[in-house]
Amino acid sequence: MARPSLRENLIAAAVEQFHGRGYAATGVKDITDAAGAPKGSFYNHFKSKEALAVVALERYGASRGLGSLLDPSVPPLTRLRRHFEFLRDENVDAEFNRGCLVGDLAVEVADHSEALRASTRKSFEAWAEALAHAIADAQRAGDVSKALDSSTLAGFVLASWEGALISARTERSAKPFETFFTIVFGVILR
């Protein structure tokens, strides 16, 4: 098996450091130390911490399981529920110490970095599009009302999820997730 490249190690370390500590609290040295790389090698692969953060967001997005929301072999509401259960379980397993890297960076640095604002926007758009696809499938199957279009519903569900994450981290409790599932799957997506 081939060893991961230094660039891949830096990306993986950046995802972990940004997710665990935040953007501002993470320095290039923190990333290179976590990757087991000399600090000077960082700039052979990335122009700046900001440039690495954009790549880290892409890598994080790829780990969110958005493809499962498009799987026509699984009933659409099952796809949606499994997706959010995966995200909930991940947060509970982390003892409520991590939220969503996209949301965290959007709040922390999007006002100060056009590149990261654009990257977080793109990440949220891709996520909302995958959610909208599953919701539209559920509407076509007659499982979800067509009173609102799937994109509007997806945007609301995504915003609700991000709010539930913030509340769960603040409370160090799964109760906000329970509320999310009750309202989203018991009322909104009916």
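The values are calculated or read from the model by the stated rules, or taken from the named source; none is laboratory data. Since we're looking at a predicted model, the values are computed, not measured. Quick reminder, even Gly has a Cβ in these numbers, built from the backbone with ideal geometry, and neighbours come from all protein chains shown. For the accessible areas, the whole protein counts, side chains as well, though only heavy atoms, and no ligand, DNA or RNA atoms are used. Shrake-Rupley method; radii C 1.70, N 1.55, O 1.52, S 1.80 Å.
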### Query
If you check every pair at least six apart or on different chains, which have Cβ atoms under 9 Å apart with a residue in region 12-31 that is at positive phi first and a residue that is of a type in the set (D, E, K, R) and surrounded by 15 or more Cβ atoms within 10 Å (Cβ to Cβ) second?
Gly22/Asp104; Gly22/Glu108
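Conditions (1) more than 30 Å from Ala51 (Cβ to Cβ); (2) loosely packed, with under 13 Cβ neighbours inside 10 Å, marked per residue:
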| residue | (1), (2) |
| --- | --- |
| Pro72 | yes, yes |
| Asp104 | no, no |
| Leu116 | no, no |
| His133 | yes, no |
| Gln139 | yes, no |
| Ser160 | yes, no |
| Ala164 | yes, no |
| Arg172 | yes, yes |
#### Entry: Number of positions in region 51-85 that are of a type outside the set (Lys, Arg) and in a loop (DSSP other than H, G, I, E, B)
7
### Task
Return yes or no: is Leu87 closer than 28 Å to Lys49 by Cα, among the hydrophobic types (A, V, I, L, M, F, W, C) and either touching a residue at least 24 places away in the same chain (Cβ under 8 Å) or surrounded by 18 or more Cβ atoms within 10 Å (Cβ to Cβ) (or both)?
yes
### Task
Taking the residues in region 20-50 that are part of a helix (DSSP H, G or I), closer than 25 Å to Phe96 by Cβ and modelled with pLDDT of 95 or more as candidates, determine which candidate is least open to solvent (accessible area, probe 1.4 Å).
Ile31
### Query
What residue, of Val184, Val144, Val107, is among the β-branched types (Val, Ile, Thr), assigned to a helix (DSSP H, G or I) and touching a helix residue (DSSP H, G or I) at 6+ places or on another chain (Cβ under 8 Å)?
Val184
### Query
Pairs under 6 Å by beta carbon, first residue under 12 Å from Pro76 (Cβ atoms) and of a type in the set (S, T, N, Q) in region 130-156, partner assigned to a loop (DSSP other than H, G, I, E, B) and open to solvent by 60 Å² or more (accessible area, probe 1.4 Å), six or more apart or different chains?
Gln139/Lys146
### Message
Just to check your reading of the model, which residue among Ala130, Ala118 is under 14 Å from the mean Cα position of the chain (by Cα) and not charged (D, E, K, R)?
### Response
Ala130
